[in-house]
1. Does A154 satisfy the condition of being assigned to a loop (DSSP other than H, G, I, E, B) and either touching a helix residue (DSSP H, G or I) at 6+ places or on another chain (Cβ under 6 Å) or at pLDDT 95 or above (or both)?
2. Among the residues of the range 274-310, count how many are among the acidic types (D, E) and open to solvent by less than 40 Å² (accessible area, probe 1.4 Å).
3. May I ask you to verify whether L265 is more than 16 Å from the chain's Cα centre (by Cα), at pLDDT 95 or above and assigned to a helix (DSSP H, G or I)?
4. When you scan the range 355-372, how many residues do you find that are of a type outside the set (V, I, T) and either on the phi > 0 side of the Ramachandran plot or open to solvent by 60 Å² or more (accessible area, probe 1.4 Å) (or both)?
5. Kindly indicate which of A94, A101 is open to solvent by 30 Å² or more (accessible area, probe 1.4 Å), over 32 Å from the mean Cα position of the chain (by Cα), at pLDDT 95 or above and within 16 Å of F11 (Cβ to Cβ).
6. What residue, of Y132, Y141, is assigned to a helix (DSSP H, G or I) and in contact with a Leu (Cβ under 7 Å, 6 or more places away or on another chain)?
7. Starting from the range 388-401, take each residue that is more than 29 Å from F216 (Cβ to Cβ) and list its partners that are assigned to a strand (DSSP E or B), counting only C-beta distances under 8 angstrom and pairs at least six apart or across chains.
8. Regarding the range 387-404, can at least one residue be identified that is open to solvent by less than 70 Å² (accessible area, probe 1.4 Å), in a loop (DSSP other than H, G, I, E, B) and either out of contact with any helix residue (DSSP H, G or I) (no Cβ under 9 Å at 6 or more places or on another chain) or more than 15 Å from the ligand (Cβ to nearest atom) (or both)?
Amino acid sequence: VHDELTTVIVFGADGNLARRKTFPALFNLMYKDHLADDAVIIGYARAPLSTTAFREMVYRSIYAPTVANQPRTHFLNQVTYEHGEFNEPASFAALREALEAREAQQLADWRVRAGIDADAPAVQQPSRVRLYYMAVPSFLYYGICLNLKDSGIATHKKVDRFVLEKPFGRDSTTCNELLAQLALVLSEDVSYRIDHYLGKELIMNLLVLRFANICFEAIWNHHHIASVQVIFKEKVGLDGRGGYFDQYGVIRDVMQNHLTQILALVTMEQPLSLSAGHILQEKIKVLSSVRPLARKDLVIGQYAGYLDEESISNKQSRTETFAVAVLHINNPRWAGVPFVLKAGKALNENRAEVRIRFKNVPGAIPELSACPENELIIRVQPNEGIYWKISNKVPGLHFEVAPMRMDLTYQSKYDQGELPEAYERLILHVLNADKSHFVHADELKLSWHIFSAVLHELEAAEDDRPVPYMRGTRGPALADELAQRYGMRKFGSQ
Ligand code: BG6
């Protein structure tokens, strides 16, 4: 019998995020025995649904033909639904009642399993964890947290953990306002801000790769590295999310968070340990050394047809769906190295990766002087893996040198089947109270600082329109010109 009882309350339980990510992740965790079979799971939203109707919705979101019905049925039986407002004390009083009834039953069942008589005094009590998952827009966080506190549900002691989703503001000012407001009702140690890229296998591997391998660590600096690219490319355009996306654009949606987090992990100094606090210390240091992005180092694009999308109401919108930014890190390790962040929607492929291009061998012998530079590619998705591009003699009697790949493709090297989803890992980390893969308020402030000024500049200059590009292409050619200015070939070339 496990000695911790778990409750998960999902706010915004009928929304896109909860259905696409949160419930499938919770189901997989229970299926894989990482979330206790007796966990209380409550969906909370405004829509007046019955638990039965809600379970049907969750069923559709967790259905996979490869999984038998029995574990799904068990999971669904653990899920109930409560509806109410996000800002109304009365709704939270009702939530408290429903929650306490379910937890009382959970505890009674636990006592039976532990062989404790129903009327025995409650000497042996399991500990309890409550996870509040905010799958709602961030302007609702404060009201929800305040009501959770006022209704007596959340005690903000060790029991409670709050999972918060981006967007955390639109710029430095709004982010700071949001953080300050939330700080009134929520302390940093119980806040788990999700950046789901931090839950991806290859991103979780970055510090291991760098700091457990002398062959990487020894050359991880400006003496040997010519440039670093952090690339996020997507084929899909708005995917019905125009209402949200048009307010944000790809710099705020992907670059300020996912790509900047990756940048921090690629460039930070060695932490004292892999504990959350030590990792945070180094991320903060390096993020503080990133110079705010300059307009001249940024190319923005918008795919042709964006303004005709049904979900775009502002037909004059200048929101960017593509951006390439060159960042600079002002410290001795990285002086002079261009860091290129590239993010785009409606492009020719789905690909997220880090590409580290090394310098040529200094004073190479004449026969080898034309060899291309080495490149290390950390492929986040799809087809996860790590590979080196090196020069190698083509085997045979003749002398010919050609580029080759040293390949660590996960599919062929690890016999594991599907890798866990990022959300699954991150929720598991919350359950374990491990904060090493979450975003601290201080990191957020620093990453907004990098982009805020240029975002304001773009907004203010009405004639500064994103460059159009065709759907299904590599994005605007102007991005390649920016690359060339920094002595690079095309960005993201294979
Ligand atoms: C989200 C962005 O954070 O990440 C989306 O809001 C983007 O616009 C998504 O599509 C990409 O995530 P993934 O895991 O599919 O690469």
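1. Considered against the rule, which asks whether it is assigned to a loop (DSSP other than H, G, I, E, B) and either touching a helix residue (DSSP H, G or I) at 6+ places or on another chain (Cβ under 6 Å) or at pLDDT 95 or above (or both), A154 comes out as yes.
2. Total meeting the criteria: 2.
3. No; evaluated as a whole, the condition is false for this residue.
4. Within the range 355-372, residues that are of a type outside the set (V, I, T) and either on the phi > 0 side of the Ramachandran plot or open to solvent by 60 Å² or more (accessible area, probe 1.4 Å) (or both) number 10.
5. Values: A101 fails: within 16 Å of F11 (Cβ to Cβ).
Answer to the check: A94.
6. Y141
7. From residues that are more than 29 Å from F216 (Cβ to Cβ), the pairs are F399/K393.
8. yes
The values are calculated or read from the model by the stated rules, or taken from the named source; none is laboratory data. Just so it is clear, the model here is predicted, and its values are computed rather than measured. Note that we place each Cβ from the backbone using ideal geometry, even for glycine, and neighbour counts take in every protein chain shown. We work out accessible area using only protein heavy atoms, side chains counted, and drop any ligands, DNA or RNA first. Shrake-Rupley method; radii C 1.70, N 1.55, O 1.52, S 1.80 Å.
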